[in-house]
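Beneath this line is the structure, given in structure tokens, with notes to follow.
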Amino acid sequence: MQTQPFQAKIFGADELLTIKEASDWASAHLGKNVTQSNISYLIQYGRIKKIGENGFTQIIKQELIDYYKSYNGHREVSWKDQLGEDLNWALSFDQYKEAETT
């Protein structure tokens with residue numbers, strides 16, 4: 001029987017996701033491919049907190065939800081504030097990862 005890390009007991013196991021689970025959840029939630037590398041990037045640059053030790057990394061699902069809530073729509077609003085409401089956001093390539101547009 002595999003034991004859960006100490007943090008899982010504090011936060012509740014249903015609130016924690018592995019990097020793979022976070023990647024799968026974000027892909028389904030956003031309707032585009034979010035890789036494990038994308039989730040690792042968010043952890044590495046402090047966008048979401050790392051929970052875990054000894055190579056067993058987890059994140060708090062609510063932090064991931066909050067990150068994507070703050071990200072989604074923010075760029076569109078910011079650009080429309082600068083350029084006006086007639087901005088055609090469909091041409092922004094916002095639905096693609098940077099690697100897919102270069």
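The values are calculated or read from the model by the stated rules, or taken from the named source; none is laboratory data. As the structure is a prediction and not an experimental result, all values here were calculated from the model. Note: ideal-geometry Cβ built from the backbone for every residue, glycine included; neighbour counts use all protein chains shown.
Considering only residues of the range 43-53 that are touching a residue at least 12 places away in the same chain (Cβ under 8 Å) and assigned to a loop (DSSP other than H, G, I, E, B), which is surrounded by the most Cβ atoms within 10 Å (Cβ to Cβ)?
Going residue by residue through the range 43-53, those that are touching a residue at least 12 places away in the same chain (Cβ under 8 Å) are 43, 47-49, 51-53.
Those left that are additionally assigned to a loop (DSSP other than H, G, I, E, B): 47-49.
Values: R47: 15, I48: 22, K49: 11.
Residue satisfying both the conditions and the ranking: I48.
The lone criterion from (1) surrounded by 12 or more Cβ atoms within 10 Å (Cβ to Cβ); (2) at pLDDT below 85 left unmet by I65 is number (2). Kindly indicate whether T3 is among the hydroxyl-bearing types (S, T, Y) and at pLDDT below 90. It is true that T3 is among the hydroxyl-bearing types (S, T, Y) and at pLDDT below 90.
All conditions in (1) assigned to a helix (DSSP H, G or I); (2) free of Cβ contacts under 8 Å to residues at least 12 places away in the same chain hold for Q62, with the sole exception of (2). Among all residues of the range 54-61, there is none that is loosely packed, with under 12 Cβ neighbours inside 10 Å and β-branched (V, I, T).
In the range 6-23, which residue that is exposed (fewer than 13 other Cβ atoms within 10 Å of the Cβ) and within 14 Å of I60 (Cβ to Cβ) is modelled with the highest pLDDT?
D14
The residues of the range 37-62 that are among the aliphatic types (A, V, I, L, M), within 16 Å of W25 (Cα to Cα) and in contact with a helix residue (DSSP H, G or I) (Cβ under 7 Å, 6 or more places away or on another chain), listed by number, are I39, L42, I48, I59, I60.
Within the range 71-102, the residues that satisfy the criterion of being modelled with pLDDT of 75 or more, assigned to a helix (DSSP H, G or I) and small (G, A, S) are S78, A90. State whether one or more residues within the range 24-32 are loosely packed, with under 15 Cβ neighbours inside 10 Å, at pLDDT 75 or above and not in a helix (DSSP H, G or I). Yes, some residue in the range 24-32 is loosely packed, with under 15 Cβ neighbours inside 10 Å, at pLDDT 75 or above and not in a helix (DSSP H, G or I).
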